[in-house]
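Comments concern the structure below.
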Amino acid sequence: MSLPPTAEAAADDQTYAVVEEEHGLSPRRVGPVVMDIRNITLRFGGVVAIKDISFDIREGEIRAIIGPNGAGKSSMLNVINGFYHPQEGEIWFRGEKRGSMKPHEIAKQGIARTFQNIALFKGMTTLDNIMTGRLTKMRRNMFWQAVWSGPAEAEEIEHREKVEKIIDFLEIQHIRKTPVGRLPYGLQKRVELGRALAAEPQLLLLDEPMAGMNVEEKEDMSRFILDVNEEFGTTIALIEHDMGVVMDISDRVVVLDYGRKIGDGTPDEVRTNQDVIDAYLGVAHD
Amino acid sequence: MTAPQAAAEGRDTFPKLLIANARERGHLPASREKEYGIWQSWSWAEVAGETRAMALGLIALGLEPGQRVAIIGTNRPHLYWSMVAAQMAGAIPVPLYQDSVAEEMAYVLDHAEARFVIAEDQEQVDKVLSVVDRLPNLAQVIYLDPRGLRNYDHTALHALSDVCAEGRAAESRLARELDQRIAAGKGSDVCVMLYTSGTTGKPKGVVLTHDNILITARASAGFDRLTDTDSMLAYLPMAWVGDFIFSMGQAYVTGFCVACPESAETMLSDLKELGPTYFFAPPRIFETLLTTLMIRMEDASPLKRRMFHFFVGVARRVAAARKAHETPSAADRLLYALGELLVYGPLKNNLGLSRVRVGYTAGEAIGPDLFEFYRSIGVNLKQLYGQTEASVFITQHPDDAVELESVGVPTPGVEIRIDEATGEVFYRSPGVFQEYFKSPEATAETKDAEGWVATGDAGFFDQRSGQLRILDRAKDVGRLADGSLFAPKYIENKLKFYPNILEAVVFGDGRPSCMAFVNIDLMAVGNWAERNNIAYSSYQELAAHPRVYEMIERNIEETNRSLADDPMLSGCQITRFLVLHKELDADDGELTRTRKVRRRIIAEKFADLIDALYGGKDSIYTETEVTYEDGRKGKIRATLEIRDVKTFPRAEAARQAA
């Protein structure tokens, strides 16, 4: 059994609640659809990276996008993020159809992300890196910030407080003043998550948050992702290779293969989906 | 102040002392904690208010006098207050080691019949909830940090902030009840139950009264003239008696301020920011401080490096002269003053020790180089000798007679007796514990009818200085097969003074000669490996490296040479050794939570390695079970090399020394 096409389901809250009940989703946590992705196709010249993919992300859920290498997962994230512009299809965010936007405009809408290959400012401290995440929230212009007195100072204190709360939340007090280039990989990932959180996102996109981590670091990261979701009610969409992690922490999973969607549903449904099994384990050709 | 005097003045229990402090020095800071990057402070008046609200909340939740409240977490002001809040309600706080696994926690919670648990965060709550079905007495769990706990079942789970709010709201209804309970408290009531980490067997609950703690705290604070202008950093486990005496007992008695670090990892930078005047650290912290300092000096510019080594040399000379009660030469005195300006001052500032007036170390033997280094740059580092059963203080160094080999003179009020046959040290003091909770046999074994307590340590009074010297655990002192004396800890300590050796375990009781297991220090040896281009991926690989073996062999050889000089212990030279393939760990039961070697468990666990040592083999294949931090188990396999070491007859050692 799979979920009914959720774009339609969202129109009808009643159906929705029933479906949630059936799948054991907690109605307390997961709200209506925030982002609806409809029939997206993305081409690079003759290469079709994503072909006619539709799925949605609901308020407050942890949504995973999985698939073998080259399935189009990162492309999908880049489409949501506004870095790529799909040739066909629509993205609806909070009930509005999204036009062609630049990534920074999308960031202002409340969508933040982390990157597969960490993209921090290596020479800057943890604190400063997370501060950059507050950039979209800063109101004073460059002049005031350069003078740094009066309103700009008050504003910085306010931002600093927010950042300190994130540092406390992610338990990285001991590296507050350490340049991130000197930090081990697992901690850099955590700092990157901190920077994304600093923007107080409504939707948080995580591109392979656990790549290259050992078991203990993965456990820590899973805990942080769950805590972010639970404490701030942040909606999270993540790409991840580690199946164990995905199945443990996400509410729903969408599976891509060769740019097509081959499965969508709760972890249990996806696990038993024959197409998904074939895509991961290969299939006998006879 | 005597006990009746304290009772008359309303200072005979912690709750009454808190009220007195709020009255007399209400505006002075009592607690500090670094949070969100800023030091937050609470005055004595505020602490009294918070604690009272907490106590009312606990009563509202149904806490009855005599019940036990377990407290699990790192050093946080709120957790310290909750201990006094429990006492106000007539209950007995039982702090637990926050890093113990759920299994160990279950034993203590069950044994103490804890009614309430106050836990720091989700991690601790999870541990408690995982064993809750084995704890029939447990009624309520309270947590400090709500993060991640929002969606838990809250029927018997509460946020501490809610408990306090509840208490404030119940002020009019429960105030009389609370005031009666506070007034009913007396010095002979049980103040706290502390579980010893236990070098052998299950942990024992040491029952201490308010009189035990407060009289000892008064005596020791008077000894060092501590006042309410002093300050300290509380970073050692709350379940450890030392922390209870320093951060609670002495702080409440004198009214000084106790600060808690932001997190365990930030302790060293918090120390630097805070600059406490009263500081306690086990030798390993002083060692870490010095090791990181030395590593940073290696990377400093040549000029700074030269300056550092030159002035440290000056400080050593001056310290040596002062110790011998001579006046250092005028030139040295001038240089020392210059050094204070250029090197020692900035150095102490960087370590966070520039304001330290009284510094203590205890728990393990401290290396002579280490001890002399801190003293020579002007840190008043002293040693004390104590036990949980004594409310810590048995002996301590007076400011003007500090010597490395001894542990000082008896703390005021303590009597000491040395058993003539066995050499074991006995003491009797106002701080002596009441009993081991629910084990009268163990109590009777340790404490006799006249109140004398056996320390289990062998020692003697130094005739020259009148100070106590401790040799080794009385039960560990043994004989080699040829009848000569064997004091394993003495040798192990000698080995551990080498920066490359983190732990050593020496065997030899009833054997023909001494042989040793060695743990290398990953930080020091790792740094050496880096500088010498030796690649390694794990502790195990580095430990098995032939050049590491050579280094350790040289260290043991030097130890043998110095042992050969000792008339008592020349037979204890180490003939063979191996470097262990894993670090000894408290999670595997090989060390206690305070990092003391559990000799017997190690001997059982690594029996095959001991056989190989004494069996004359050159190498041995072994498999060892290890426990990871999350409680899962795994196996390490390794083939270990065994090496012979040169030993020295007495005469030869003397000749080489000459």
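No lab work stands behind these numbers, since they all come straight from the coordinates. All values reported here derive from a predicted model rather than from experimental measurement. Cβ placement follows ideal geometry from the backbone for every residue including glycine, while neighbour counts extend to all protein chains displayed.
Taking θ as phi - 60° and the Karplus parameters 6.51, -1.76 and 1.60, the scalar couplings of region B:274-286 work out to 7, x, x, 9, 10, 9, 10, 8, x, x, 5, 5, 4 Hz in sequence order, x denoting glycine and proline. The mean number of Cβ atoms from other chains found within 10 Å of a Cβ in peptide B:268-278 is 1, as a whole number. DSSP bridge analysis restricted to region B:3-257 gives an antiparallel fraction near 40%, rounded to the nearest 5.
With neighbour counts taken as other beta-carbon atoms within 10 Å, the residues B:LYS16, B:LYS323 rank, fewest first, as B:LYS323, B:LYS16. Spatial offset of region B:522-558 relative to region B:113-171 amounts to 47 Å, using the alpha carbon center of each.
Rounded if a/c is under 1.5, else prolate if a/b beats b/c, else oblate: with a ≥ b ≥ c from the C-alpha gyration tensor eigenvalues square-rooted, which is chain A? Because a/c hits 1.5 or more and a/b exceeds b/c, chain A counts as prolate.
Comparing mean-square fluctuations of A:ALA107, A:ALA237, A:ALA152 from a GNM of chain A with C-alpha springs under 10 Å, the top value falls on A:ALA152.
Taking the DSSP beta bridges with both ends in chain B, the antiparallel portion is around 60 percent. Inter-chain neighbour count for B:30-43: the average number of beta-carbon atoms from partner chains within 10 Å of each residue's beta-carbon is 2. Scanning residues 5 or more positions from B:VAL141 or on other chains, those with amide H under 5 Å from its amide H are B:VAL117, B:LEU157, B:HIS158, with H placed 1.01 Å from N in the peptide plane.
Since only A:VAL47, A:TYR84, A:HIS159 are under comparison, the one whose Cα sits farthest along the positive direction of the charge dipole of chain A, derived from C-beta charges on Lys, Arg, Asp and Glu, is A:HIS159.
Counting every C-alpha pair in the protein assembly as shown, the share spaced more than 41 angstrom apart comes to 49%.
Taking the number of Cβ atoms within 10 Å of each Cβ as an exposure proxy, the fewest-first ranking of B:TYR195, B:TYR252 is B:TYR252, B:TYR195. Partner lysines whose Cα lies under 20 Å from the Cα of A:LYS137, excluding those fewer than 8 positions away in the same chain, are identified as A:LYS102, A:LYS108, A:LYS162, A:LYS165. Taking each residue as 0.36 nm, the span from B:TRP452 to B:ARG479 lengthens on full extension beyond its C-alpha to C-alpha distance by 7.0 nm.
Loop-located trypsin sites (Lys or Arg not before Pro) in region B:470-554 (DSSP state not H, G, I, E or B) with no more than 16 neighbouring Cβ atoms inside 10 Å: B:LYS475. Spatial offset of region A:76-128 relative to region B:1-62 amounts to 52 Å, using the alpha carbon center of each. Among A:GLN173, A:THR132, A:PRO184, whose Cα projects farthest towards the positive end of the dipole of region A:122-199, with charges put on the beta-carbon of Lys, Arg (+1) and Asp, Glu (-1)? Value computed over the given set: A:PRO184.
Lysines near B:LYS646 by alpha-carbon distance under 29 Å, same-chain residues fewer than 8 away left out - which ones? The reachable lysines, counting only those whose Cα sits under 29 Å from B:LYS646, are B:LYS475, B:LYS489, B:LYS494, B:LYS496, B:LYS582, B:LYS596, B:LYS605, B:LYS617. In order along region B:493-505, the phi-based Karplus estimate (6.51 cos²θ - 1.76 cosθ + 1.60, θ = phi - 60°) of 3J(HN,Hα) comes to 4, 4, 5, 5, 6, 6, x, 6, 9, 8, 9, 9, 10 Hz; Gly and Pro are listed as x.
Which of rounded, prolate or oblate describes region B:3-257 when judged by the alpha-carbon gyration tensor and an a/c cut-off of 1.5? Rounded shape, in that the Cα axes give a/c under 1.5. Helical runs assigned H by DSSP (4 residues or longer) give chain B a calculated mean residue ellipticity at 222 nm of -11500 deg cm²/dmol, each run adding -39500 (n - 2.57) before division by the residue total. When each of the peptides B:581-587, B:498-504 is scored by the mean number of other C-beta atoms lying within 10 Å of its residues, the order from highest to lowest reads B:498-504, B:581-587.
Dimensions of region A:199-286 from C-alpha coordinates, computed as largest minus smallest value along each principal axis and given longest first, are 51, 27, 22 Å. Averaging Cα coordinates gives a centre for region B:181-236 and one for region A:129-203; these two points are 42 Å apart.
Could you identify which residue out of A:VAL147, A:VAL191, A:VAL255 has the top mean-square fluctuation in a GNM of chain A using Cα springs shorter than 10 Å? The residue that fluctuates most here is A:VAL147.
Each label point was placed 7 Å from the Cα along the Cα-to-Cβ direction; for B:THR292 and A:LYS102 their separation is 4.4 nm. Distant-in-sequence amide contacts of B:GLU35, defined by a placed amide H-H separation under 5 Å and a gap of 5 or more residues or a different chain, comprise B:GLN40. In plain terms, the residue of A:MET142, B:MET551, B:MET193 with the fewest other Cβ atoms within 10 Å comes first and the most crowded comes last, giving A:MET142, B:MET551, B:MET193. 3J(HN,Hα) couplings calculated from phi for region B:467-473 with the Karplus curve 6.51 cos²θ - 1.76 cosθ + 1.60 (θ = phi - 60°) are, in sequence order, 9, 7, 10, 9, 8, 5, 4 Hz; Gly and Pro show x.
Is the shape of region B:506-607 best called rounded, prolate or oblate, per the rule: a/c under 1.5 gives rounded, else a/b larger than b/c gives prolate, else oblate, with a ≥ b ≥ c the square roots of the Cα gyration tensor eigenvalues? In terms of gyration-tensor shape, oblate. Here's how it looks for B:PHE256: its modeled amide H is under 5 Å from none belonging to a residue 5 or more places away or on a different chain. Principal axis extents of the Cα atoms in region A:106-216, from largest to smallest and rounded to whole angstrom, are 47, 30, 22. Look at the stretch B:47-55: the mean tally of other chain Cβ atoms within 10 Å of its residues' Cβ atoms is 0. The calculated FRET efficiency for A:ALA119 paired with B:LYS633, based on their beta-carbon distance and R0 = 45 Å, is about 0.70.
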